[in-house]
Structure formats: C-alpha cells, structure tokens
1. Identify, for chain A, the residue whose C-beta comes nearest the rotation axis onto chain B, and round that distance to whole Å.
2. Relative to the other copies, what are the label-point distances for residue B:162, with labels 7 Å from Cα along the C-beta vector, expressed in nm at one decimal and sorted shortest first?
3. How large is the convex hull of the Cα atoms of the stretch A:15-71 per residue, expressed in Å³ as a whole number?
4. Give me Rg/Rg_expected for the stretch A:2-173, where Rg uses Cα atoms only and Rg_expected = 2.2 N^0.38 Å with N residues.
5. Looking only at other chains, what is the average number of their beta-carbon atoms within 10 angstrom of each beta-carbon in A:16-26?
6. Helix B:7-19 versus the longest principal axis of chain B: what is the Cα-based angle in degrees, 0 to 90, to the nearest 10?
7. 7 Å along Cα→Cβ for the label point: how many nanometres lie between residue B:229 and each equivalent label in the other copies, listed shortest first?
8. Where in the stretch B:254-269 is the amide nitrogen less than 13 Å from a point lying 7 Å along the Cα-to-Cβ axis of residue B:217?
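Derivation of every value follows stated rules applied to the coordinates shown; laboratory data play no part. Treat the numbers as computed from the prediction; the structure is a model and nothing was measured. Cβ coordinates were reconstructed from backbone atoms using ideal geometry, including for glycine residues, and neighbour counts include every protein chain displayed.
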C-alpha cells in the first residue's frame, strides 16, 4: 500500500495508473475509520481496479465553534485497516499544503447547501465542496463513493460534479448501523455510556416514521410531533432539526410524496448526531437506506 | 478539424488524445476571433501537440446591464480562421448544455476578484472562474493560454488552478495591438469612426506612464492625474478606473515598486475598453507587455 503525503506525488501516481488503463476508485475520509467507511471501500472496489483512500480532517468544513481540534484521530489504526482491505494508495496531505498562503477560492453549491445542516452549519458545505473538488483534482478518480448517512453532502457532491462537468461517477452507499441501530459515525466516540443510550432515539424515530406511513399517515407535521416527543423523552437530547424534504432539491414538503427524505440532527450532550431515511409511499415493505461513513 | 458541440463528445475526444499520449493545449474564447486570439493559439502550439479552442459566449460572466445580447459573433469566419491555423478541435457548446436546469454551483476566487474590473462588474469573475473550471473539466488540457490584456482574469485563473489543484499549466500571452496601439478586442467593433480615434487614449496613457517613470516619477497619484487629463481631453471618454497595483495580489499601491501593474478601464461612448501594462523600475528599457485576446 502506497502512503502518499504530497499533492504532486499523488497526481503523478494517478496519472501513471490512468495511463496504464486502470480504473481509479476514490473514498475520501476524515479518518478514525469505522465499519461504515470500510463498506464504502468495499463498494468502491466493485467499480474500480485501483482504490485510493484519503485521510484528511478538512479544517474549512468546521465552524469556529465546532470540533475540529477534538475530532478523533487514529492514523496508525486507520492504516492497519486499509492495509487489510488491500487499498492501493492512501493520500494523507497536510493542511498547509491543501490551504497554502494566499488560498482564496470558494466553491458553493448554492441552493442545496442552504437546507438541513446548512442552516446550523453555515459554510460547512462550501468547505466540503471545495475540499472534494481539490481531492478529485489530486486523486483523479473515475468513480468515488460517499455514504448516504450524509445525505445532503451526497446530493451536494452529485450536483457539484454535474455543474462542474467533472468526469467522475458518484456512488451513494447505504448507512451502516451498530447492532442496536445507531448509525456509525466517528463522532459516536464522543458519547458517554449514558448518552450512547439516548443516541438510539434517532433510529427509533426513523422506525416510527416508517411505521406511521405504513399505517397511512402522510402528514409530515403529525409524524414530526411524534418524533419530537420521542426524542425529547430521552435525557441529554436537544433537537437541531427534523425535516421532511424532496430527495433531489432538499426543499421541505408538508405531505409525504412517493419518495421523501426524513433527515434529522440531534444533539446528545455536546455531540451532534445526524441520521436519515427515505420514506417511500406505495411500497409494502419500507426498506431503510442502511449504511454509513465517509467524510 | 473536429467541430464538437456536446460536452460528452468533447470529454471522450480528450480522453482518447490523452490515452494516446498527446499533450493537449487549450485556448478558451468567446469567438469573433482577432489577431490577439490567433496569437494565443500560436503560443499554445509551442507547448502542445493537440490544440483545442472553445467558442462560447458565457452568459454568466455578463452583468444584467452588459452586452451579452449584442456581443459580436461570426461563427463562420471563426471556423475559417481556426482551420487555417490547423486547430485540432473546436468546442462550441450551447448555453442550455453548459447551464442546464438546476445548475447552482459558483466558484469564487475571492480577494483577486474584488479589485479593478471586479468593482464595476460584480459577479464577472465568478462567472469567469466557473466557466473556465467547466471548460477545463470538459477539454482536459495539459496547458492553457490566456491573454495578458485581461490581466486580472489571468491572475484569477492562475489562482483558481493553484487553489483547486488542477493539473494544468497556465501561460500568459502578451497584448497584441493594432498598428496605432489600440489593444485588440472583439469589442473594438462597437466603436464608431470618431470613437475609434478617442480609443487611442488608453495606449497613450500607458506610454506616458512609462515615460514619467523613466523621468523618475514614482508617485502613482501624480501619474494618475496626468493620465486622467489625457483621457478626458478626448471626446466620448469616461473613466471607469485607473489603478496602480501589485501584480500578484492586485492590491493598490501609492508608490511604484520594482514591478507595478497599471490597469485602466475607460468607456468610449458606450464601449468599455480595458488596457494595462507592467511598469518596471530599475530597467533602462521599459518593455511594454504586448498582446491581447482570449475570453
């Protein structure tokens, strides 16, 4: 496995692979890898013959009050996991090389960035779109995989690729959950033993929404009220948002359509957790979009 | 010569060229080609073995009050010129394919876009950075050539490339002038016979600045006052800006340093003309940066 730390070296490596006719797959991560990330890589491998993974905690996607400094890191453990998965190259750039003196370019996917997490995290998706563009230009992939747990991020990146005419196929990977239902996230490591129990409220809300839809409830407000009550019945919880929206535009809806995204962000203690599901009408069996991981 | 009208076809063509080991050169234009443009292509040919030229009047770099609708076009004449130059491919996309329904991504080179023309043309450089990024991702060049007549545009694009880690070499080409000194521009075609005479005030201002520097004047305000007088002594003229600034950051300076950009925008009748020169101290012979053309 090649561990590559400079931008130039990574670009040269990818050029060589492309010239040799390889199909490059790419999974960007912020490290502290869990099963959700590894699933992204497993899926990527089905679409490429050369897999590049990046580990980079991207400072510009964190707000000033957010957890950049405390974001969990485990480079040694990450590299072990990637070796076992036979990843071909790991790109681990330094912040000072990604954002050198004079850096001043911002990439904004305007409308999609304003909904959901964009409201409580201004600038977050600009940071994501900017770093993803850079990482794509450095690793030069044919295909890249992102987790559906960050559903809004996935849609922002799909739009980014279309709008910039980047010749890259984007694949969304289902959410991966712990046995008790909690969506996998590097930030779960922040949770105390008691908070970890409260964190189950997100998946339970999702299950409840599916159940209510099955029973014929299509009024989003009614479902939302029930979810609020459920979440707030747990200690340490604070709701950031619970939103029903169009899966493509992320614009809010009042009534469940054929396909509606239910997305939520909940603080459990100081930890902000997100989860989501696609609610599908006219389907007898509501398959949850399982899976997790990614940036 | 391949005339390519769809994005997919252009990307496939460039992929094929790259896989065959060709070095792709690229010159983006808005058409109505003049000698300045042809000079960009001649220079590009020195750095590549496959030359792609685009012709696209980019709507998003025009302000609502600007000349998008009247911008001069001559597709037939342009293609004739490009054929004679043995250009390998001409990319002529349609607006509806470049900016389809749902398009919403903006690329901003923040600081550099705010100076000079950025003040009187808000959004212009965002439009330029966005379309250039798209055109680069479509034509996939190794090297691209831009005219120094649009000095700010050239610096914005240099920064864009660095900040986005695009693996493309940018070459700046000297301004090309008419025999009487007027910098070549597609917009010169707007000028009436009388306005055409007044338009000489830009090059005359540049010559005067070089002469004053040679005589030891390094106070920008003193030079600016003389230039203003000169320009306003011609009929139909109206000054948009006359600025002395750092060639890299485009930040204004008061005293001429080793290397200072003198840039100006002047309205002659309804036509907005720009011109610039680099003033170099400690050089006995002040070589003007000749040349023109490009977007």
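1. Here the nearest residue and distance are A:107, 3.
2. Copy-to-copy label distances at residue B:162, shortest first: 3.4 nm.
3. Taking only Cα atoms, the stretch A:15-71 has a hull volume of 89 Å³ per residue.
4. Numbers: Rg = 15.3 Å, N = 172, 2.2 N^0.38 = 15.6 Å.
Normalised by 2.2 N^0.38 Å, the Cα Rg of the stretch A:2-173 equals 0.98.
5. 1
6. It is inclined by approximately 90 degrees.
7. 8.4
8. So the set is B:256.
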